[in-house]
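Here's the structure we're looking at; comments come further down.
The values are calculated or read from the model by the stated rules, or taken from the named source; none is laboratory data. It should be emphasised that the depicted structure is a prediction, and the values quoted were computed from it without experimental measurement. All Cβ positions, glycine included, derive from the backbone under ideal geometry; neighbour counts span all protein chains shown.
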Amino acid sequence: MNNDVRGTIRGIIDLMRIGNAVAAGVLTFTGAFVAGGLAVTAIHLIGAIAATIFATAAGNAINDYFDRAIDRINRPMRPIPRGAISERGAIIFSGLLFVAAIVSTLVLPVIAIALAVANLLALVAYTELFKGLPGVGNIVVAYLTGSTFLFGAAAVGQVTDSGVIVLFILAALATATREIIKDIEDIDGDRQEGLQTLPIVIGVTPARRIATGVLVIAITASVVPYIIRSFGIWYLTLVVPADMIMLAGVWQAPHKPAQGQQLLKIGMFVAAAAFVLGRAVTVAGI
């Protein structure tokens, strides 16, 4: 395999951001398990996870296409700016991934298909219309991240499960916090491109305060399943550390934005694990 082919393959993998795509699939599995426990149909679970992975990868690819000018400033080592894949190639590959995502949903219940279509439309609208609007882009990304749990629950016909709804709210709010911090980190490149992100419009300090306030609401929401007795003490043993990790992320953000974002992401996954543990303990009757 020559260097050009190897570089293109690496560019495709980077374009999909495969780690993020697989992580989104894990969140969909989490939503399905929290909602359905062990009563999960394998074909529905596989279809939902595959659709999530394909759709997330497609979204990452199309986002890189629309962000190609900004990435030359903020992230020059992404595939398009560094020349690993062409702009046209990114569009074509993204389209193929979107088709794969749509095909994967065909085995799912109607409500899951409807949610998938709504999310795909929101994803395209975000990249084309909403990304540069103050706060709006953050809200759309927050919804899309949180909705991976709803999608997993919808795939097993349990979209109204209280645990999944709280998990959706927690994930969406934590993601909104992370997206605002990311906008603070990217402020120079975004300003050069004329984007009107929240930190550019209202200032870095007010934006950071909003991010912190949103996270406090998320942390408050995280204890609701324990209060309403959906989950017991085992749930708290993981969700409280998750909350502390996310708070540490906000604390780190002013000085080390990238590290702050990473801590917020880790905290969200630990919180998801808390919901899985809570459901597993309930199913086991412990």
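For the reader, a short list of remarks on this structure follows.
- Of all residues in the range 1-16, those that are farther than 19 Å from residue 100 by Cα have Cβ atoms under 9 Å from Cβ atoms of residues that are part of a helix (DSSP H, G or I) and at pLDDT below 85, 6 or more apart or on another chain, in 1/9.
- Scanning the range 128-168 for residues that are of a type in the set (Val, Ile, Thr), surrounded by 19 or more Cβ atoms within 10 Å (Cβ to Cβ) and in a helix (DSSP H, G or I) returns 140, 141, 145, 148, 164, 165, 166.
- Residues located in the range 136-167, provided they are small (Gly, Ala, Ser) and either under 21 Å from residue 224 (Cβ atoms) or at pLDDT 85 or above (or both): 137, 142, 146, 147, 152, 153, 154, 155, 162, 163
- So residue 234, is it surrounded by 14 or more Cβ atoms within 10 Å (Cβ to Cβ) and over 30 Å from residue 69 (Cα atoms): yes
- Applying the condition of being charged (D, E, K, R) and surrounded by 15 or more Cβ atoms within 10 Å (Cβ to Cβ) to the range 76-97 and asking which residue is farthest from the chain's Cα centre (by Cα) yields 82.
- Residue in the range 207-216 that is among the basic types (Lys, Arg), more than 16 Å from residue 270 (Cα to Cα), touching a residue at least 40 places away in the same chain (Cβ under 8 Å) and part of a helix (DSSP H, G or I) present: yes
- Residues in the range 199-221 that are at pLDDT below 90 and either touching a Gly at 6+ places or on another chain (Cβ under 8 Å) or hydroxyl-bearing (Ser, Thr, Tyr) (or both): 205 alone.
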